[in-house]
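**Student:** Input: one structure, supplied below.
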Amino acid sequence: MIGTMIYAHISSVRERILGLPEVKHIPTQCFNELLEHYLDLGWRRTYEYDGPDAWIDYGRVHLKHGTSVLRFRWNNYGEGSVTGPQTELADITRYVHEKCC
């Protein structure tokens, strides 16, 4: 459990240091729909945060499809965000604007 929490923190820091593209401030309901949408498209879950506060204060899921990886992160303050390749994030931005706004 502690290892999972450390891994999640290190992953977040790594993404910020590398300046990976990110879509931020996705409302919670839309974030959940988006995650389900990608799972329905055949993306597979390769990691899910399972700390004591999982999906209460913080949640994180990594999805993979081919060589692309999307990192879905949620917290109860900033709501949802997704980090990944720019091409995928363009689709995510479009999905959020069409389905959630």
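The values are calculated or read from the model by the stated rules, or taken from the named source; none is laboratory data. Quick caveat: nothing in here was measured; it's all calculated off a predicted structure. We place every Cβ from the backbone using ideal geometry, glycine too, and count neighbours over all the protein chains shown.
**Student:** Would you say residue 54 is modelled with pLDDT under 95, of a type in the set (Gly, Ala, Ser) and within 17 Å of residue 26 (Cα to Cα)?
**Tutor:** no
**Student:** Just to check your reading of the model, which residue among 88, 33, 15, 48 is under 13 Å from the mean Cα position of the chain (by Cα) and at pLDDT below 90?
**Tutor:** 15
**Student:** When you scan region 39-62, do you find a residue that is more than 18 Å from residue 20 (Cβ to Cβ), touching a helix residue (DSSP H, G or I) at 6+ places or on another chain (Cβ under 6 Å) and not basic (Lys, Arg), even just one?
**Tutor:** Checking region 39-62: at least one residue is more than 18 Å from residue 20 (Cβ to Cβ), touching a helix residue (DSSP H, G or I) at 6+ places or on another chain (Cβ under 6 Å) and not basic (Lys, Arg).
**Student:** Let me ask something else about it. Go through region 38-52 and give me each residue that's assigned to a helix (DSSP H, G or I) and surrounded by 14 or more Cβ atoms within 10 Å (Cβ to Cβ).
**Tutor:** 38
**Student:** Give the residues of region 53-69 that are on the phi < 0 side of the Ramachandran plot and either surrounded by fewer than 16 Cβ atoms within 10 Å (Cβ to Cβ) or hydroxyl-bearing (Ser, Thr, Tyr) (or both), sorted by residue number. Full working, then the answer.
**Tutor:** Here is the first cut: in region 53-69, the residues on the phi < 0 side of the Ramachandran plot are 53-54, 56-65, 67-69.
Across region 53-69, the qualifying residues are 53, 56, 57, 58, 64, 65, 67, 68.
**Student:** Restricting attention to region 70-87, and to residues there that are under 14 Å from residue 21 (Cβ atoms) and out of contact with any helix residue (DSSP H, G or I) (no Cβ under 9 Å at 6 or more places or on another chain), which single residue is surrounded by the most Cβ atoms within 10 Å (Cβ to Cβ)?
**Tutor:** 85
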